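S.K.: Sharing a structure here in structure tokens format.
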Amino acid sequence: MLPPIVSQIMDNFNFDVNPELSREQNAEEVIKSAALLSGAVSIEPLPFADMLILTPLQAKMVLHIGKIYGFDITPERSAEIARELGATVAYGMAARQFMRSVAKIALPVVGGVVTAPLVYGWTYALGRMAQTYFERKIQGLPFHKEDQVQVVQEAKQQSRRVLPSSQDFSELAEELRRRAKEREQSGKNTGQDSQDIQSR
């Protein structure tokens, strides 16, 4: 069973395609939402554990972008695509992830707040990569390594322009924790109610 905070994060990332928006606008909404949630996750003072949340969150983002572009892919395939595209985005990420985790051990809250923009940018770039991947797939065009590198460079610049404030990340992380606590409490109450009924 997933910890309440993980369930809360995944539940907050359920999107339907809005028919009133263009494909590009729908994809933009999904990418920004996934990036914001990813940044909020990085604030959690859990060394290394955020990768257990970020990976399925980013795979779910790819799944949604695929749907927007008319590709009904499986969750497994979306995770594969995220890994394939992530290889280009991930240059230098392993070292950053290690340093981020060390920062969380030494300074739990500060470590998360400082790295939230990095995680936001990483997820944003991965989302743009997925969007371009599906756009090219529709057109029957290949997505070469040099094209991928160019998309990442452009995404870095774009993500800086739309980057939320550290307060936005902190507030979302706090809201997710609050809802997770409510869910956990509700689950305990439901379990207690069941026990009460059975003991009668």
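S.K.: Do you know which residues across segment 111-148 are at pLDDT 85 or above, under 25 Å from Ser42 (Cβ atoms) and either aliphatic (A, V, I, L, M) or part of a loop (DSSP other than H, G, I, E, B) (or both)?
M.R.: The answer is Ala125, Leu126, Met129, Ala130.
S.K.: In segment 11-30, which residue that is at pLDDT below 70 and surrounded by 15 or more Cβ atoms within 10 Å (Cβ to Cβ) is farthest from Lys181 (Cα to Cα)? Reasoning before the result, please.
M.R.: Residues of segment 11-30 that are at pLDDT below 70, as a first pass: 11-15.
Now drop any that are not surrounded by 15 or more Cβ atoms within 10 Å (Cβ to Cβ), which leaves 12-13, 15.
Numbers: Asn12: 15, Phe13: 18, Phe15: 23 Å.
Only one residue tops the list, namely Phe15.
S.K.: Which pairs do you get when a residue that is free of Cβ contacts under 8 Å to residues at least 24 places away in the same chain and over 24 Å from Leu118 (Cβ atoms), found in segment 138-163, comes within reach of a residue that is of a type in the set (Phe, Trp, Tyr) and surrounded by 11 or more Cβ atoms within 10 Å (Cβ to Cβ), reach meaning Cβ atoms under 8 angstrom, with the pair 6+ apart or on two chains?
M.R.: Hits for this filter: Phe143/Tyr133.
S.K.: Residue by residue through segment 31-71, note down the ones that are part of a loop (DSSP other than H, G, I, E, B) and at pLDDT 80 or above.
M.R.: Here is the first cut: in segment 31-71, the ones part of a loop (DSSP other than H, G, I, E, B) are 44-49, 69-71.
Result: Tyr69, Gly70, Phe71.
S.K.: Report the residue count in segment 145-157 for those that are in contact with a helix residue (DSSP H, G or I) (Cβ under 7 Å, 6 or more places away or on another chain) and among the polar types (S, T, N, Q).
M.R.: Counting residues in segment 145-157 that are in contact with a helix residue (DSSP H, G or I) (Cβ under 7 Å, 6 or more places away or on another chain) and among the polar types (S, T, N, Q) gives 1.
The values are calculated or read from the model by the stated rules, or taken from the named source; none is laboratory data. Since we're looking at a predicted model, the values are computed, not measured. All Cβ positions, even for glycine, are placed from backbone atoms using ideal geometry, and neighbour counts span all protein chains on display.
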